[in-house]
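A.B. asks: The structure's right below; bear with me while I get my questions together.
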Amino acid sequence: MGYEVKGLAKSFGELRVLGGLDLEFPAGRVTVVLGPSGCGKTSLLNILAGLDEDYSGEVLGFGPGKASYVFQEDRLMPWMSAMDNVALVLRRFMDRDHAMATAEEALAAVGLHGSRGSKPGAMSGGMRRRVALARAFAYPSEVLLLDEPFSSLDLRTRISVMDLFLDLRERDGRSAVVVTHDVREAIYLGSRIATLSDKPAKTRDVFDLTLAKEDRGFASRAAASFEARLYESILS
Amino acid sequence: MMPGTRTSRAKADAVLAVAVLAAVWKLGSMAIGADIVLPAPERVLSTLLRVASDDGFAAALSATALRGLASFGISMALGVSLGFAAGLSDRCRAMLAPALTVTRATPVLAIILLAMIWFPSGIVPVFSAVVMAFPVAVADVAAGVRSTDPRLLDMARSFGVPARDIAARIRFPSAAPHLASAARNVIGLSWKVVVAGEVLSQPARAVGTGMQNARVMLETAEVFAWVTVGILLCAVSDALFDLLSRRLSWATK
């Protein structure tokens with residue numbers, strides 16, 4: 001099933017944030033929405049997640065409960081262990097034991113089996129991001145929504161968590177929408193990149209990436225030349 | 001500075017503060033020179049020891065403690081349930097607001113006097129303390145529930161977490177530190193109002209009754225001794241709640 005927004009518009013009072021956005025998110029692919037900071041990318045994700053219903057236009061395929069949302073911040077409950085944090089979002093689908101077992105598996109998949117009993121306060125930023133990813137992948141959704149999920153991490157941790165995300169998504173096959181302002185991150189993650197104009201945001205260009213994984217790295221020349229095209233699109 | 005050094009410095013400061021207070025008290029009593037107005041601290045201490053060795057003291061102390069704890073338990077039960085409702089629902093908050101404003105604005109003596117018309121003397125202090133203390137708990141708990149991080153609530157909503165899980169697993173733990181502060185405020189107020197209620201309603205066994213009897217006999221040192229007993233009850237409960245607050249703040253970190 002495909003996902004799409006048509007003529008999506010959103011305002012905060014007098015401020016028009018999304019100005020009639022048309023965008024397709026092909027099923028089973030990672031679509032990166034790339035735009036300048038404050039152009040309405042988070043507003044777009046909130047609408048796709050069903051958190052914001054005050055908009056005009058059409059939203060097809062998305063809806064409340066259909067998406068796993070990885071927010072800019074970890075949004076983990078500081079009083080709960082990593083496992084309880086993941087299990088909390090699973091409880092409406094399964095009993096407690098099953099939810100805990102699923103959470104344990106999800107944490108093992110992100111390399112945190114040994115820290116499943118730890119609270120977020122005792123974890124590094126990278127570990128907390130992994131817990132947030134485990135929660136998103138454990139949740140039986142149709143699509144993953146990620147809001148600048150790696151921007152708070154240092155480069156080395158960021159690459160390792162992004163690799164983990166790509167690996168899990170590849171195995172899982174779920175559709176994903178990632179919003180970011182970081183061009184290199186967009187190239188690293190996306191199989192399709194949509195650039196947005198500044199407020200009120202509209203789709204500027206859509207690029208289907210054919211670069212191999214090894215050509216997307218932060219030190220890759222091929223990625224650097226593609227980067228120039230993306231900057232051109234954003235700044236035009 | 002090492003944490004251990006800081007703790008012993010704080011302890012030394014507390015001892016010094018008590019010593020200064022006792023010195024000022026002693027100087028004051030010497031300047032006035034009349035025990036009936038302001039007895040010296042050592043006289044109050046010896047009276048306290050005498051009162052504590054009296055037959056009826058343990059019964060009076062335990063009856064007052066029981067009244068204080070009963071008031072505390074009832075106030076917290078009411079305060080937590082109504083505070084939670086008020087924190088979750090604007091409608092509940094609006095419905096509770098007039099009753100809470102009236103009870104908060106009513107003088108404690110008016111409540112005790114009315115309670116003396118309605119209830120037997122042993123119940124008067126408990127009723128009065130509950131009426132005075134539960135609105136404090138309602139306000140604290142409601143503020144705690146409303147202080148839940150809206151980003152966590154958005155996260156839960158995006159994952160479709162059921163409302164009962166949001167209440168029990170997110171809102172309630174968010175309110176936990178406020179709950180400890182509510183408990184501390186309620187117990188402090190409960191002791192004060194219970195003793196005031198006992199002074200006026202004169203139950204057979206009570207710290208307040210001892211205080212009132214001593215006042216009638218113009219035994220000022222004994223009044224001070226009973227006041228000290230009341231203060232000690234309050235200090236012990238304060239120390240316990242300090243401990244509880246620390247544990248709850250660890251639990252939420």
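The values are calculated or read from the model by the stated rules, or taken from the named source; none is laboratory data. Everything numeric here is computed off the predicted structure, so don't read it as measured data. All Cβ positions, even for glycine, are placed from backbone atoms using ideal geometry, and neighbour counts span all protein chains on display. Side chains are part of the model used for accessible areas, which takes the heavy atoms of the whole protein and leaves out ligands, DNA and RNA. Shrake-Rupley method; radii C 1.70, N 1.55, O 1.52, S 1.80 Å.
A.B. asks: Within region B:243-253, does at least one residue satisfy the condition of being open to solvent by 60 Å² or more (accessible area, probe 1.4 Å), away from chain A (no Cβ under 14 Å) and over 24 Å from the mean Cα position of the chain (by Cα)? Before you say what the answer is, go through the steps one by one.
C.D. replies: To start, the set of residues in region B:243-253 that are open to solvent by 60 Å² or more (accessible area, probe 1.4 Å) comprises B:243-244, B:246-247, B:250, B:253.
Then keep just the ones that are away from chain A (no Cβ under 14 Å); that gives B:243-244, B:246.
Checking which are over 24 Å from the mean Cα position of the chain (by Cα) leaves us with none.
Checked against the condition, which is being open to solvent by 60 Å² or more (accessible area, probe 1.4 Å), away from chain A (no Cβ under 14 Å) and over 24 Å from the mean Cα position of the chain (by Cα), region B:243-253 yields no hits at all.
A.B. asks: Take the residues in region A:60-75 that are in a strand (DSSP E or B) and within 9 Å of chain B (Cβ to nearest Cβ); name whichever of them is nearest to the chain's Cα centre (by Cα).
C.D. replies: Looking at the filtered set, the residue picked out is A:69.
A.B. asks: Any idea how many residues of region B:39-59 are aliphatic (A, V, I, L, M) and open to solvent by less than 40 Å² (accessible area, probe 1.4 Å)?
C.D. replies: Restricting attention to region B:39-59, the residues satisfying the condition of being aliphatic (A, V, I, L, M) are B:40, B:44-45, B:48-49, B:51-52, B:58-59.
Add one more test, that the residue is open to solvent by less than 40 Å² (accessible area, probe 1.4 Å), and what stays is B:40, B:44, B:48, B:51, B:59.
Residues that pass the stated criteria total 5.
A.B. asks: Which of the residues that make up region A:97-111 are open to solvent by 10 Å² or more (accessible area, probe 1.4 Å) and either away from chain B (no Cβ under 14 Å) or among the hydrophobic types (A, V, I, L, M, F, W, C) (or both)? Working first, answer last.
C.D. replies: Filtering region A:97-111 down to residues open to solvent by 10 Å² or more (accessible area, probe 1.4 Å) leaves A:97-98, A:100-102, A:104-106, A:108-109, A:111.
Within region A:97-111, A:97, A:98, A:100, A:101, A:104, A:105, A:106, A:108, A:109, A:111 meet the criteria.
A.B. asks: For region A:129-236, which helices (runs of 4 or more DSSP H) that fit wholly inside it have 3 or more residues that are among the aromatic types (Phe, Trp, Tyr) and crowded, with 16+ Cβ neighbours inside 10 Å?
C.D. replies: Values: elements: A:155-172, A:183-189, A:221-235.
So the answer is none; nothing clears 3.
A.B. asks: Turning to a different aspect of this structure: Go through region B:156-175 residue by residue and tally those that are of a type in the set (Val, Ile, Thr) and either more than 10 Å from chain A (Cβ to nearest Cβ) or open to solvent by less than 20 Å² (accessible area, probe 1.4 Å) (or both). Before the answer, list the steps.
C.D. replies: Initial filter on region B:156-175 (of a type in the set (Val, Ile, Thr)): B:161, B:166, B:170.
Among the residues that remain, those that are also either more than 10 Å from chain A (Cβ to nearest Cβ) or open to solvent by less than 20 Å² (accessible area, probe 1.4 Å) (or both) are: B:161, B:170.
Number satisfying all stated conditions: 2.
A.B. asks: Being surrounded by 18 or more Cβ atoms within 10 Å (Cβ to Cβ), at negative phi and away from chain B (no Cβ under 14 Å): is that true of residue A:33 here?
C.D. replies: Numbers: surrounded by 18 or more Cβ atoms within 10 Å (Cβ to Cβ): yes; at negative phi: yes; away from chain B (no Cβ under 14 Å): yes.
It is true that residue A:33 is surrounded by 18 or more Cβ atoms within 10 Å (Cβ to Cβ), at negative phi and away from chain B (no Cβ under 14 Å).
A.B. asks: Can you tell me which condition residue A:66 does not meet? The list is (1) farther than 24 Å from residue A:7 by Cα; (2) open to solvent by 40 Å² or more (accessible area, probe 1.4 Å), and all the others hold.
C.D. replies: With respect to (1) farther than 24 Å from residue A:7 by Cα; (2) open to solvent by 40 Å² or more (accessible area, probe 1.4 Å), residue A:66 is out only on (1).
A.B. asks: Would you mention how many residues in region A:109-128 are more than 24 Å from residue A:175 (Cβ to Cβ) and either touching a residue at least 60 places away in the same chain (Cβ under 8 Å) or outside any loop (DSSP other than H, G, I, E, B) (or both)?
C.D. replies: Residues in region A:109-128 being more than 24 Å from residue A:175 (Cβ to Cβ) and either touching a residue at least 60 places away in the same chain (Cβ under 8 Å) or outside any loop (DSSP other than H, G, I, E, B) (or both): 10 in total.
Residues checked against (1) over 30 Å from residue A:210 (Cα atoms); (2) in contact with a Leu (Cβ under 8 Å, 6 or more places away or on another chain):
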site	(1), (2)
A:19	no, no
A:32	no, yes
A:48	no, yes
A:62	no, yes
A:68	no, yes
A:80	yes, yes
A:85	yes, yes
A:90	yes, no
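A.B. asks: Taking region A:48-59 as the region of interest, how many residues are within 13 Å of chain B (Cβ to nearest Cβ) and either more than 18 Å from residue B:154 (Cα to Cα) or in contact (Cβ under 8 Å) with a residue 40 or more places away in the chain (or both)?
C.D. replies: If we filter region A:48-59 for residues that are within 13 Å of chain B (Cβ to nearest Cβ), which is where we start, we get A:48-53.
Filter once more, keeping what is either more than 18 Å from residue B:154 (Cα to Cα) or in contact (Cβ under 8 Å) with a residue 40 or more places away in the chain (or both): A:48-49, A:52.
Within region A:48-59, residues that are within 13 Å of chain B (Cβ to nearest Cβ) and either more than 18 Å from residue B:154 (Cα to Cα) or in contact (Cβ under 8 Å) with a residue 40 or more places away in the chain (or both) number 3.
A.B. asks: Taking residue A:44 and the conditions (1) out of contact with any helix residue (DSSP H, G or I) (no Cβ under 9 Å at 6 or more places or on another chain); (2) modelled with pLDDT under 90, which numbered condition does it fall short on, given that it satisfies the others?
C.D. replies: Exception for residue A:44: condition (2).
A.B. asks: Also, quick follow-up: What's the total number of residues in region A:191-211 that are more than 26 Å from residue A:154 (Cβ to Cβ) and among the aliphatic types (A, V, I, L, M)?
C.D. replies: Adding up the residues that qualify gives 4.
A.B. asks: Just checking, which of A:131, A:161 is of a type in the set (Val, Ile, Thr) and within 13 Å of chain B (Cβ to nearest Cβ)? Before the answer, list the steps.
C.D. replies: Working: A:161 fails: within 13 Å of chain B (Cβ to nearest Cβ).
Exactly one of A:131, A:161 is of a type in the set (Val, Ile, Thr) and within 13 Å of chain B (Cβ to nearest Cβ), namely A:131.
A.B. asks: Please determine whether any residue of region B:180-193 is within 14 Å of chain A (Cβ to nearest Cβ) and either at pLDDT below 90 or open to solvent by less than 50 Å² (accessible area, probe 1.4 Å) (or both). Can you show your working first?
C.D. replies: Filtering region B:180-193 for residues within 14 Å of chain A (Cβ to nearest Cβ) gives B:180.
Adding the requirement that they be either at pLDDT below 90 or open to solvent by less than 50 Å² (accessible area, probe 1.4 Å) (or both) leaves B:180.
Among the residues of region B:180-193, at least one is within 14 Å of chain A (Cβ to nearest Cβ) and either at pLDDT below 90 or open to solvent by less than 50 Å² (accessible area, probe 1.4 Å) (or both), which makes the answer yes.
A.B. asks: Please find, among A:80, A:94, the residue that is surrounded by fewer than 23 Cβ atoms within 10 Å (Cβ to Cβ), assigned to a loop (DSSP other than H, G, I, E, B), facing another protein chain (nearest Cβ under 10 Å) and not small (Gly, Ala, Ser).
C.D. replies: A:80
A.B. asks: Of the residues that make up region B:98-116, is at least one within 30 Å of residue A:92 (Cα to Cα) and open to solvent by 70 Å² or more (accessible area, probe 1.4 Å)? Can you show your working first?
C.D. replies: Start the filter on region B:98-116 by keeping residues that are within 30 Å of residue A:92 (Cα to Cα), which leaves none.
No, that holds for no residue.
A.B. asks: Tell me whether region B:163-183 contains one or more residues that are free of Cβ contacts under 8 Å to residues at least 12 places away in the same chain and among the hydrophobic types (A, V, I, L, M, F, W, C).
C.D. replies: Applying the first criterion (free of Cβ contacts under 8 Å to residues at least 12 places away in the same chain) to region B:163-183 yields B:163-165, B:168-169.
Remaining after also requiring among the hydrophobic types (A, V, I, L, M, F, W, C): B:163, B:168.
Looking for residues that are free of Cβ contacts under 8 Å to residues at least 12 places away in the same chain and among the hydrophobic types (A, V, I, L, M, F, W, C), one finds at least one in region B:163-183, hence yes.
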